[in-house]
1. Mind checking which residues of segment 308-342 are outside any strand (DSSP E or B), closer than 15 Å to residue 188 by Cα and modelled with pLDDT of 95 or more?
2. Given (1) assigned to a helix (DSSP H, G or I); (2) within 19 Å of residue 265 (Cα to Cα), identify the lone condition not met by residue 126.
3. Working carefully through the options 281, 297, 273, find the one that is under 30 Å from residue 228 (Cβ atoms), out of contact with any helix residue (DSSP H, G or I) (no Cβ under 8 Å at 6 or more places or on another chain), surrounded by fewer than 21 Cβ atoms within 10 Å (Cβ to Cβ) and touching a residue at least 40 places away in the same chain (Cβ under 8 Å).
4. I need every pair where a residue in segment 318-335 that is at positive phi and buried (at least 18 other Cβ atoms within 10 Å of the Cβ) has its Cβ under 6 Å from the Cβ of a residue that is in a strand (DSSP E or B) and at pLDDT 95 or above, sequence separation at least 6 or different chains.
5. Mind checking whether some residue in segment 160-174 is under 20 Å from residue 330 (Cβ atoms), touching a residue at least 24 places away in the same chain (Cβ under 8 Å) and in contact with a helix residue (DSSP H, G or I) (Cβ under 8 Å, 6 or more places away or on another chain)?
6. Does residue 170 satisfy the condition of being at pLDDT below 95 and either within 30 Å of residue 314 (Cα to Cα) or crowded, with 18+ Cβ neighbours inside 10 Å (or both)?
7. When you look at residue 62, is it assigned to a helix (DSSP H, G or I) and modelled with pLDDT of 65 or more, yes or no?
8. Do we find that residue 349 is buried (at least 20 other Cβ atoms within 10 Å of the Cβ) and assigned to a strand (DSSP E or B) in this structure?
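The values are calculated or read from the model by the stated rules, or taken from the named source; none is laboratory data. Since the model is a prediction, treat every value here as computed from it, not as a measurement. Virtual Cβ from ideal backbone geometry, glycine too; neighbours counted across all protein chains shown.
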């Protein structure tokens, strides 16, 4: 006979208080690591998206500047002519920086950092550019229809074989955005782009057959013929003798301090943009941005007044037939949790000058 000995079962022991605390601590640590990883991943993702957005928008704006500069016929620099023309632009109520300056053209130089004896960098890009000459084929057709409508069919051939160059003044500069621009703040600036109404070439107009000049002025000024050009300009002339206004009797009145005191070059609201980056929550970097962002790569910075140069720098080198224009732009986005998206970009554009 086989006898089986029954062993006494050990009582089931639960977790001690210490073991519960250890398990809870480990669980909290694991949850914390997962949460932090999730937050960091989300921040990194948003940072990458913001960085990409700023880069794309900055490069897009540089491409616009490149396209506009390619049509340049005259670059204005920091001299009597340039400063005078700049002061005569009708910028409206735009809050510009009092310390903004035009660049100085260095015909035989190279791009590089300014020195105390050679301060050539500016933070205003200002030039006159050529647009479609007058008249286009469409404008000729509109003129012929205008002559029929006004009962002067004998004028229909007045624009045949005519070609007048047409120009616009274009400038890029920094403007303040609200109260954010202040010492210590890396933000508070936007890039403004301003463009004038069109101007016909006054010098070329003077070469037109005198018997046709009144008809040409009528065609330029007619609101239903092309672009409606009210003024003429002589490229390269001093400001006080460079402009003329087309009168109601289709004659010209020279624009002088006496004939039109306080006159300024009018803007074209269709092409003028004062909010390039601000509405996208992007700012041109100020002098107070982090040093590694790239502000003042070429200019010697100053904190006097509104400061200079901030995140827009312009240098111009080369002879008039082949100017080289360097545009350096630093943009920053809205930062969060210690991360600030930013981009440091530049471009060099070849263009012509008078």
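1. 309, 310, 311
2. With respect to (1) assigned to a helix (DSSP H, G or I); (2) within 19 Å of residue 265 (Cα to Cα), residue 126 is out only on (1).
3. Being under 30 Å from residue 228 (Cβ atoms), out of contact with any helix residue (DSSP H, G or I) (no Cβ under 8 Å at 6 or more places or on another chain), surrounded by fewer than 21 Cβ atoms within 10 Å (Cβ to Cβ) and touching a residue at least 40 places away in the same chain (Cβ under 8 Å) holds for just one of 281, 297, 273, which is 273.
4. From segment 318-335, the pairs are 318/324.
5. So far as segment 160-174 goes, yes, one or more of its residues are under 20 Å from residue 330 (Cβ atoms), touching a residue at least 24 places away in the same chain (Cβ under 8 Å) and in contact with a helix residue (DSSP H, G or I) (Cβ under 8 Å, 6 or more places away or on another chain).
6. No; evaluated as a whole, the condition is false for this residue.
7. yes
8. Judged against the criteria, residue 349 is not a match.
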